[in-house]
Structure formats: C-alpha cells, structure tokens
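The values are calculated or read from the model by the stated rules, or taken from the named source; none is laboratory data. A quick note: this is a predicted structure, and the numbers were derived from the prediction, not measured. Here the Cβ positions follow ideal geometry from the backbone for every residue, glycine too, while neighbour counts run over all protein chains shown.
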Amino acid sequence: MTIDWKKEVEARKEDLLKDLFDLLRIPSVREDDQATDDAPVGPGPKDALLKFLEIGERDGFTTKNVGNIAGHIEYGDGDEMLGIFGHVDVVPVGPGWETDPFEPVIKDGRLYARGSSDDKGPTMAAYYALKIIKELNLPVSKKTRLIIGTDEESDWQCMDHYLAVEETPDFGFSPDAEFPIINGEKGNVTMQLLFDGGNSGDYQLLHFKSGLRANMVPELAEATVKLAGEQAAFEQAYTDFLAKQPVTGEVTFEGDVAKLTLTGKAAHGAMPAKGTNAGTYLATFLNQFAFVGSAKDYLAVAARYVHDNTDGAKLDVAIADDIMGELTMNAGVFSFEDGASDNFITLNFRFPKGIDVPVIHQRIVEKLADYTVRVSVENGAKVPHYVSPEDPLVKTLLSVYEEHTGLKGYEQVIGGGTFGRLLERGVAYGAMFPDSIDTMHQANEFMAVDDLINAAIIYADAIYRLIK
C-alpha cells in the first residue's frame, strides 16, 4: 500500500494548528510556589497535560493521566511498544518578546509563541502523525504510546514518576531536537558555586541577579552597588566598558548607590557559545573595583573562571571526544544578596565520554581552592547516552528522513538532553531541519509552519514503518 503522507497531513493542517494554538495559549511554566499534590509542578503544566489528553480522548485514543505530572495517548497492540516522548512544559518567558508569548501568532510563515518549537509544536506534529495512522486504520503489530511530560525543562520528575509506575517502551524517539537524528547525548550535571554574604570595604555589592534557569544563557543582569568613588567616574567607566563589549546597559544613581543593568543575548544552555552571558559580563565590569570578602570572591570567580569559559578550560575540565565533541559549560543563574548565606552561581555542564561528575567536581574544587566558595552537585546528573548507527531504529529513521527530504542522513551528538535518552534504544528525531533557525529558550521563539508540517509528514511515515 502506498500512502501519500504529505496529502494526509495537508488535509489536517488547519486542525493541527487549531489544536496547537489551544495548547500554546496555556502558560505551562513550572511554578514551585504554586505546586500542590494535585499539580506537582504547578497549574500551568498540569493544564497543558490535561488539554493534550483531552485532544486524544476526542479523537478516540486510549489515554491515561499519570498523577497530573505525565500521561500517555495509546494506539495499537502487540508484544513490543514504541514510545514517543514529548513535553508540554516550557521555560520562563524572559525579556525581549515582540508579541504575547502565550498568544500564538503566525507572521511571515512563522508561528511565534513560547513552546512553538520546544516542544509543543513538535509533539503536536507527532500526535497528528499517529492520528493519521489511526484514521486510515492501517495494520500495526506493535503498541505505540505518545508519552507527555510536564517537567522536561527542569528535573524530569514527570518521567521519573511515569517510568516508575508504567511500562517502559522497548524503543522510541523524542521529537525535541533536530533532523536527521540525534543518536547521542552528552552527560548533564548542574553544580552550584556557593558563597557567604560577607560584604564590607570601599565598594559594597548589595545585590546581583542574572538568569532564569540553569539551561538558559542569561540575557539580563542587574546589580546594586554602594560606591566609594565619584559617580561621574563610575558612570564613565561603565560607558567605556559597554562600548568595547557586545552588550548594552545603563546605570542610575540614588545617593551613593549605583543601579546597573546589562543586556546580552539568550541561548540554549546546551550551546552557551551562541549566547552572550549578561551575568558574567556585568561581573567582569564590577571585578575591577575594590570589593572585599565574599563579594570580592563572588565577582572574581565569575570574572576570572566563568566569563568567556563555555568549554570549561579555565576550570580545568575541558575535554573532547571524537564522537561526542567538547564539554560545554553554561553559567545559567547568578544570585547575590548582601548578608545572605546562600549566594550562588549555577553552572550546567554537558560532557562527553572520558570524564565524569566526580572528576568535574574535584577539579573545580581544586581550581577555586584560594576562594571562599563551596561546590555542590545537584541531583539528577545524567551520563552520556549513545545508540549505534547500526541499530535498526536509527537506520529506519534516517531512511525516512532521506526519502522525504532528498538529503543525506547522518548521526549527531548534542549537548542538549532529551527524553530520547530514557530508553536504551532511544533517540531524538526532529523537528528542526538543518536549515531551521533555532530559537529554543530565546525571546520570540518560533517554528516555521512549513517545518511543522514537514515534520508531521516524516513522523507519520516513520512511526508507521516502526510499528507495522
């Protein structure tokens, strides 16, 4: 049987976009202060999960809500199970949006909204692919579950819970990266550099704040400083600094207190070199002044060992693997308050084979031994993941990609972490194409409508080949 997958997807394009718009309108950012037993990571992610399950029920699928933190939409039967892992939670909005991030709009062929490309759009494309197979009543020999998470952007509590109580798929993919395929993912660990708040001397750091999440390059930074010198000289020094750097900013004064802001460029924390880290630039400027105590150490560490150090070389953790590439380091969140005992800089590492979490931790401790800083390791570290290009799953997915695009398929390893790594035979597959513009975790996130439709075409063909 020959199926015109393009025709089938195009016939459902308007329905796909309508369902996706409904999902994108839900502000599904994790909110710990709003979390309850009924909404484990906050009301927004729960509402988005319920909306997706409602869509599946409407279309006649078997659905299951797993504790309001995960769920699945199921089709078919068989001894083996294909898992398709998507997520409906999104990262915080941040500054710089030109449209309402939760009111989707299509402009010049691009669908703008938070979650359009990461990951509501791709997950909806995969859902419609499965919906087409169901509506065509195609014969299948395996069970398929579209598994929906609500905490992918943070701690993966959703999948920890789901896989603890539900059957684990035998193989699968996550529509949460790029084509042709992601068959390898670096290890992932977040560490915190912890400082006390001792702060005295000619200059005093009263407040320093930058960043929203460990897996985002901070776009905005702010600081409040009690001055020792003249305002005019301080203002001129800041003006001169900004003129030489790829950032913008301003300073205002209230008596002998200066309030500084600095704007860089956001990017995904897996590719920190693509961003301009506002936090490290502001720390670098302030580090030239006569701070003492913990404030001095805080700024010195940020300026000397974190700034311009996305490969970790200044902390002696740089390493590269022939297949997995280089280690990357993102300084995602900065927080300092005068007198506080829990000031910190959050570092997120994506690392290849050849190094592990204890080694990274120990090298940082040794490198920063001269400073009053403690180094803690957050829970949830992930080891490197790799599926051989010879695996039938990888071969099938690459073959489908090649047939629909006319392009050569090839293996890829990324620093980003996707739900594909949850399975021994799990990969990430789309939905970005090689020529797509990556706006994940950035202001004005968008997904080209053509990319969305073409991804759905590829997903439909790929899913059917995997389960028929």
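With the structure loaded, tell me whether residue 142 is at pLDDT 95 or above and either within 29 Å of residue 390 (Cβ to Cβ) or surrounded by fewer than 24 Cβ atoms within 10 Å (Cβ to Cβ) (or both) or whether it fails that test. Considered against the rule, which asks whether it is at pLDDT 95 or above and either within 29 Å of residue 390 (Cβ to Cβ) or surrounded by fewer than 24 Cβ atoms within 10 Å (Cβ to Cβ) (or both), residue 142 comes out as yes.
Would you point out the residue of segment 1-14, among those that are in a helix (DSSP H, G or I) and without any contact (Cβ under 8 Å) to a residue 40 or more places away in the chain, that is farthest from residue 140 (Cα to Cα)? Top of the filtered list is 14. Of all residues in segment 31-79, those satisfying the criterion of being hydrophobic (A, V, I, L, M, F, W, C), more than 21 Å from the chain's Cα centre (by Cα), closer than 27 Å to residue 93 by Cβ and buried (at least 18 other Cβ atoms within 10 Å of the Cβ) are 39, 53, 55.
Say whether the condition of being assigned to a loop (DSSP other than H, G, I, E, B) and buried (at least 18 other Cβ atoms within 10 Å of the Cβ) is met by at least one residue in segment 229-237. The answer is no; no qualifying residue exists.
Regarding residue 408, is this residue of a type in the set (Lys, Arg), out of contact with any helix residue (DSSP H, G or I) (no Cβ under 6 Å at 6 or more places or on another chain) and part of a loop (DSSP other than H, G, I, E, B)? Answer is yes for this residue. Across segment 164-193, the number of residues qualifying as under 15 Å from residue 85 (Cβ atoms) and among the β-branched types (Val, Ile, Thr) comes to 3. Does segment 57-65 include one or more residues that are within 22 Å of residue 459 (Cβ to Cβ), at pLDDT 95 or above and assigned to a helix (DSSP H, G or I)? Yes. Reported count of residues in segment 106-136, each being in a loop (DSSP other than H, G, I, E, B), buried (at least 23 other Cβ atoms within 10 Å of the Cβ) and aliphatic (A, V, I, L, M), is 1. Evaluated against (1) buried (at least 18 other Cβ atoms within 10 Å of the Cβ); (2) in the same structural domain as residue 67 (by TED's automatic domain parsing); (3) over 28 Å from residue 265 (Cβ atoms), residue 196 falls short on exactly one condition, (2). I'd like the residue in segment 163-183 that is out of contact with any Leu (no Cβ under 9 Å at 6 or more places or on another chain) and in contact (Cβ under 8 Å) with a residue 24 or more places away in the chain and, out of all such residues, is surrounded by the most Cβ atoms within 10 Å (Cβ to Cβ). Of everything passing the filter in segment 163-183, 175 is surrounded by the most Cβ atoms within 10 Å (Cβ to Cβ).
Considering only residues of segment 238-281 that are aliphatic (A, V, I, L, M) and assigned to a helix (DSSP H, G or I), which is nearest to residue 219 (Cα to Cα)? Applying the filter and picking the extreme gives 278.
Look at segment 150-162: where a residue is in the same structural domain as residue 421 (by TED's automatic domain parsing) and a partner is surrounded by 24 or more Cβ atoms within 10 Å (Cβ to Cβ) and among the small types (Gly, Ala, Ser), sitting 6+ places away or on another chain with Cβ atoms under 6 Å, you get 158/70; 158/149; 159/149; 162/70. Of the residues examined, residue 252 is one that is among the polar types (S, T, N, Q), surrounded by fewer than 24 Cβ atoms within 10 Å (Cβ to Cβ) and without any contact (Cβ under 8 Å) to a residue 12 or more places away in the chain. Of the strands (runs of 3 or more DSSP E) that lie entirely inside segment 307-404, not one contains 2 or more residues that are of a type outside the set (D, E, K, R) and at pLDDT below 95.
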